[in-house]
Amino acid sequence: MTWLGDHLGDILGLTVRHIYLAGVPLILGLFIALPLGWLARRYKGLYPVLIIGTGLLYTIPSLALFIMLPFLLGTKILDPINVIIAMTIYTVALLVRTVADGLGSVPEEVNQSATAMGYQRVRRFMSVELPLAVPVISAGLRVAAVSNVSIVSVAALIGVEQLGSLFTDGFDRAFLEPIIVGVISCVALALLFDGAILGLTRLATPWQRAGEGSS
Amino acid sequence: MIRFDSVSKHYPDGTKAVDELTFEAPTGQITVLVGPSGCGKTTSLRMINRMIEPSGGRIWIDDQDTSTMDETELRRGIGYVIQHAGLFPHRTIVANIATVPRLLGWNRARAEARALELLERVGLPAGFARRYPAQLSGGEQQRVGVARALAADPPVMLMDEPFSAVDPVVREQLQDEFLRLQGDLGKTIVFVTHDIDEAIKLGDRVAVLRAGGHLAQLADPAYLLAHPVDDFVADFLGKDRGYRALSFQGSPAFSLTQEQTVPLGATPAQAAGAARDGWVLVVDASRRPLGWIESGRVKSPIKPEMLHRGGTVATVGGPLRNVLDAALSSPSRRGVMVDDEGAFVGTIRAHEVLAEIEERARPELEDQEARA
């Protein structure tokens, strides 16, 4: 394992870039999916269009997307922004349905009483619907996080450095150790993302645990 | 006062949920809208706070046309209680109750103080304040729902089947407490239910609606029971109308029959000495009736489990229905009457109650118009 010892610094750097390339799109994607999901809920006709449309985005092969984006956007081929945008698209693809279904999980009588008490639309969304949709949205976010951590590694093929670079490196040199380290790091990172989302969700939903226990 | 003026709700597919509905809900009273499903009662209720917009006619609150008012402002001035309470699951009880005051811009301290006051008012312990709705029973949640509707002290309250989803015992408690609360607060309330017994118990005025949103009859409960306007209303009111109408008639100062009573632990000889027609009433130390016993069956000092428990007890001056029921349900055929403290004062027989009932005039249309 001398390779590992010699390259600890590099691996750490790749990990940080991996977190950046998978994490930033997760947050951007969530913010784009929230209004889209709300629209899909609000206007019944839009629901199938938005759900099927964004769902199809997820079927575009990631490598194709990484290569196409520079042509579509006029960015440089090696620019990490391509990866950020591509990953944001995948996140949106996964989250629009989740957000729509999360908002749909808010009990009808709760929405009704909010309206009857004089909540206006935006405030009702922010302070009633969204907090109650958190558990469902969080579940979708966990799937998207793990998916991002995995898909981002493909970007090594177009020369954007992150943990995936360990796979190409190991493959080129027919050398197993970087590949194993890369796989383990990716799994650890996926678990880290998952744990972080789970922790934040618990903080945001103390009411979910009420009624358990002996109170 | 809430006034419906030829209010209609027609949907594009041609269904008429409410058709040309005209009535008034007087200030400080409970007006109940009752009818079978599809009679438009909930639609009518929701048109008051404009959760549903009428397709014709006007609804007035006092002398303001609601269609000209700002929707949000209108709603914040009207308390709203629904089935299952519709509490916000992610907010504590105190935050739930403080919702409308906070929306109106009260600061947190004032809104919470008000919420705590209301929590007590609806009979819940202050310890519930920091709990979440899921930690409360259905009946408790419904009380919170009422507290939340009252929080900003709105003059008008809309209630949509608020007690339908709880079990019968809790429902009766909630109804009694609601009536007591209303006695203190005197809100203008429109109350929707499909349960005619609830309508008759709670309503100062009862509006019976038939399918398609037509008003079949609007009257006070006693008049409704005595004079249903047609077969639909009569069928909807159900059986025992004559008996149920007695609930609304107070009893006069009947001259009661005095009884010799015995305490628990009385011997067979004492029981035999006090009995009349073979039955003797057993009372506790405060003279509260415990039950009847057949003196011939007393072989040992009287114990609680030997007593006959079937008879009901009526309070002097209470509704005639209770007095008659006390007589009808008594194993000795002598109805047990108590004073306000629950102490035994005497007995009465069914024929004496019936004689009083026959003396009385039934509620007539003239009375009704005078009250309307």
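Worth a mention:
- From the list A:F125, A:F193, A:F175, A:F171, the lone residue that is more than 14 Å from chain B (Cβ to nearest Cβ), hydrophobic (A, V, I, L, M, F, W, C), at negative phi and crowded, with 16+ Cβ neighbours inside 10 Å is A:F193.
- Pairing each residue of the range B:94-116 that is more than 17 Å from A:T115 (Cα to Cα) with any residue that is acidic (D, E), provided the two are 6+ apart or on different chains, yields C-beta distances under 6 Å for B:V94/B:E112.
- Any hit, the range A:207-214, residues being within 14 Å of chain B (Cβ to nearest Cβ), of a type in the set (A, V, I, L, M, F, W, C) and out of contact with any strand residue (DSSP E or B) (no Cβ under 6 Å at 6 or more places or on another chain): yes
- Scanning the range B:301-324 for residues that are within 27 Å of the chain's Cα centre (by Cα) and crowded, with 21+ Cβ neighbours inside 10 Å, we see that the one that is farthest from B:Q249 (Cα to Cα) is B:G311.
- Just one residue in the set B:I348, B:I293 is over 16 Å from B:P252 (Cβ atoms), modelled with pLDDT of 90 or more, surrounded by 14 or more Cβ atoms within 10 Å (Cβ to Cβ) and of a type in the set (A, V, I, L, M); that residue is B:I293.
- Enumeration of residues in the range B:117-157 that are among the small types (G, A, S) and surrounded by 21 or more Cβ atoms within 10 Å (Cβ to Cβ): B:G145, B:A147, B:A149, B:A151, B:A152
- Among the residues of the range B:142-152, none qualifies, meaning not one is touching a Lys or Arg at 6+ places or on another chain (Cβ under 6 Å) and either farther than 30 Å from B:F23 by Cα or more than 11 Å from chain A (Cβ to nearest Cβ) (or both).
- A single member of B:V100, B:V94, B:V122 is within 18 Å of the chain's Cα centre (by Cα) and either within 14 Å of another protein chain (Cβ to nearest Cβ) or of a type in the set (V, I, T) (or both), and it is B:V122.
- Which numbered condition A:G170 misses (of (1) part of a helix (DSSP H, G or I); (2) in contact (Cβ under 8 Å) with a residue 24 or more places away in the chain): (2)
- Residue in the range B:206-216 that is surrounded by 15 or more Cβ atoms within 10 Å (Cβ to Cβ), assigned to a helix (DSSP H, G or I) and among the basic types (K, R) present: no
- Checking every residue in the range B:249-257 against the condition of being within 21 Å of B:D325 (Cα to Cα), among the small types (G, A, S), at pLDDT below 90 and in contact with a Pro (Cβ under 9 Å, 6 or more places away or on another chain) gives at least one match.
- Residues (more than 14 Å from chain A (Cβ to nearest Cβ) and either among the β-branched types (V, I, T) or free of Cβ contacts under 8 Å to residues at least 40 places away in the same chain (or both)) located in the range B:46-59: B:I59
- Test: A:A155 is buried (at least 23 other Cβ atoms within 10 Å of the Cβ) and of a type in the set (A, V, I, L, M, F, W, C): yes
- Yes/no for B:R114 being out of contact with any Leu (no Cβ under 7 Å at 6 or more places or on another chain), surrounded by 18 or more Cβ atoms within 10 Å (Cβ to Cβ) and within 11 Å of chain A (Cβ to nearest Cβ): no
- Residue match in the range B:37-45 (condition: facing another protein chain (nearest Cβ under 8 Å) and either among the polar types (S, T, N, Q) or crowded, with 16+ Cβ neighbours inside 10 Å (or both)): no
Every residue, every condition in (1) at negative phi; (2) assigned to a helix (DSSP H, G or I); (3) surrounded by fewer than 19 Cβ atoms within 10 Å (Cβ to Cβ), yes or no:
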{"position": "B:F4", "(1), (2), (3)": "yes, no, no"}
{"position": "B:E20", "(1), (2), (3)": "no, no, yes"}
{"position": "B:E24", "(1), (2), (3)": "yes, no, yes"}
{"position": "B:L33", "(1), (2), (3)": "yes, no, no"}
{"position": "B:M51", "(1), (2), (3)": "yes, no, yes"}
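- The residues of the range B:124-164 that are at negative phi and of a type in the set (D, E, K, R), listed by number, are B:R130, B:R131, B:E140, B:R143, B:R148, B:D160.
- Residues of the range B:60-88 that turn out to be surrounded by fewer than 20 Cβ atoms within 10 Å (Cβ to Cβ), part of a loop (DSSP other than H, G, I, E, B) and without any contact (Cβ under 8 Å) to a residue 60 or more places away in the chain, as a count: 3
The values are calculated or read from the model by the stated rules, or taken from the named source; none is laboratory data. Computed from a predicted model, the values in this text were never measured in an experiment. Positions of Cβ are backbone-derived with ideal geometry, glycine not excepted, and every protein chain shown enters the neighbour counts.
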